[in-house]
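The next block holds one structure in the form of structure tokens; read it before the comments.
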Ligand code: PMP
Ligand code: GLN
């Protein structure tokens, strides 16, 4: 590995999923649903394949049907008007959108502010771009994680190029409030910063509401908004994501994307275009189902003795293992399959300040109810 990537090695998700396979434990580590998304959307993919739509290189920005569906979604949900021909870019999942945005927007030596704990690809993408990451730590207080706006303000320097935002936030489940977002937006405008915002969990909000930062004053022109079909439609394997932003920003991100993947897989784009037009009840049912699962697993974790940070969004719940007499999340997660047949992820991997994350462990609840109930029963043996 070169110097830029040397610190990264294998992602924690691959490591922990391999551990689950090896031990036969219930995998609540890597976040992926154990049931696939809607039948009619799968049928749409099959139809596209069979009808020869997208079997050859699709357009660089993505197929027009999907770009229009994305623009319509942003308008209908958030009142954000984007031109599907110049302000929407389809990517190979949100992961590529993040990488392409950073590669295209960050100069070597630029500082990138990211909320810590941060999704693991942020650190690697910042490093690939030659940037310097500047973490601003979300801190647990009163059963939830909070952004310290003074710390964020203090983190901005003349070298700061952009703020990499994530709401709803993986792994803490925090959904940034209107006040927090307004403060981030005001700072970005004042210091003339770009914001790249990862909103892949936009439809998984149980308490409060998802507010895209692009809707705040002065932000539409300086925000790259990223989302993905993986979470909203339970097709993490399809790798269809997207960017919405002003034309110059989309062109810039596209300049990097075209040399990463050139284009994204064709037939799935047609299917995701149909998925985005599913009735509101689909999105409501998804959210209600996951809210019930959050409550089920959280109750199980409390009964097992964990301190639980109740997530307002995402499909992850972060816990503190100290009430169990443990303090090292890594060691805990490595021993958990053997102790009770469950796999989780140590939050320390999402920190620069690893000691800050040491006692925290993340569990995914995007699993069938009976699987979560089984896991809760297994975890309870820890309390015995
Ligand atoms: N951002 C966050 C915060 C995520 O949790 C994930 C998925 N785990 C991604 C991006 C990646 O999304 P995709 O699978 O669409 O590349
Ligand atoms: N986003 C998923 C998670 O946080 C995993 C994605 C991956 O494995 N890269 O668990």
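Within region 299-320, if we keep just the residues that are under 13 Å from residue 379 (Cβ atoms), away from ligand 1 (no atom under 16 Å from the Cβ) and not in a helix (DSSP H, G or I), the residue that is nearest to the chain's Cα centre (by Cα) turns out to be 319. Taking region 176-260 and the helices (runs of 4 or more DSSP H) fully enclosed by it, the elements with 1 or more residues that are within 13 Å of ligand 1 (Cβ to nearest atom), in contact (Cβ under 8 Å) with a residue 40 or more places away in the chain and more than 23 Å from residue 293 (Cβ to Cβ) are at 247-260.
Among the residues of region 28-45, not a single one is farther than 23 Å from residue 234 by Cβ, touching a residue at least 12 places away in the same chain (Cβ under 8 Å) and within 16 Å of ligand 2 (Cβ to nearest atom). Looking only at residues that are touching a residue at least 12 places away in the same chain (Cβ under 8 Å) and outside any helix (DSSP H, G or I) in region 321-337, which one is surrounded by the most Cβ atoms within 10 Å (Cβ to Cβ)? Filtering region 321-337 for residues that are touching a residue at least 12 places away in the same chain (Cβ under 8 Å) and outside any helix (DSSP H, G or I), the one surrounded by the most Cβ atoms within 10 Å (Cβ to Cβ) comes out as 321. In region 89-102, is there at least one residue being within 16 Å of ligand 2 (Cβ to nearest atom), surrounded by fewer than 23 Cβ atoms within 10 Å (Cβ to Cβ) and farther than 23 Å from residue 247 by Cβ? Checking region 89-102: at least one residue is within 16 Å of ligand 2 (Cβ to nearest atom), surrounded by fewer than 23 Cβ atoms within 10 Å (Cβ to Cβ) and farther than 23 Å from residue 247 by Cβ.
Checked against the criteria, residue 283 does not count as assigned to a helix (DSSP H, G or I), within 16 Å of ligand 1 (Cβ to nearest atom) and touching a helix residue (DSSP H, G or I) at 6+ places or on another chain (Cβ under 9 Å). Taken over region 361-382, the criterion of being within 15 Å of ligand 2 (Cβ to nearest atom) and in contact (Cβ under 8 Å) with a residue 60 or more places away in the chain is satisfied by 362, 363, 364, 365, 366, 367. In region 1-24, the residues that are surrounded by 10 or more Cβ atoms within 10 Å (Cβ to Cβ) reach residues that are part of a loop (DSSP other than H, G, I, E, B) with C-beta atoms within less than 7 angstrom, at least six apart or across chains, in these pairs: 13/29; 13/30; 16/29; 16/30; 17/29; 17/30; 20/29. Residue count for region 9-27 satisfying the condition of being away from ligand 2 (no atom under 12 Å from the Cβ) and not in a helix (DSSP H, G or I): 4.
Computed from the coordinates by the stated procedures, all read-outs in this text should not be read as laboratory data. Quick caveat, the model's predicted, so the values are computed rather than measured. Methodologically, a virtual Cβ is constructed for each residue, glycine included, from the backbone with ideal geometry; neighbour enumeration extends over all protein chains shown.
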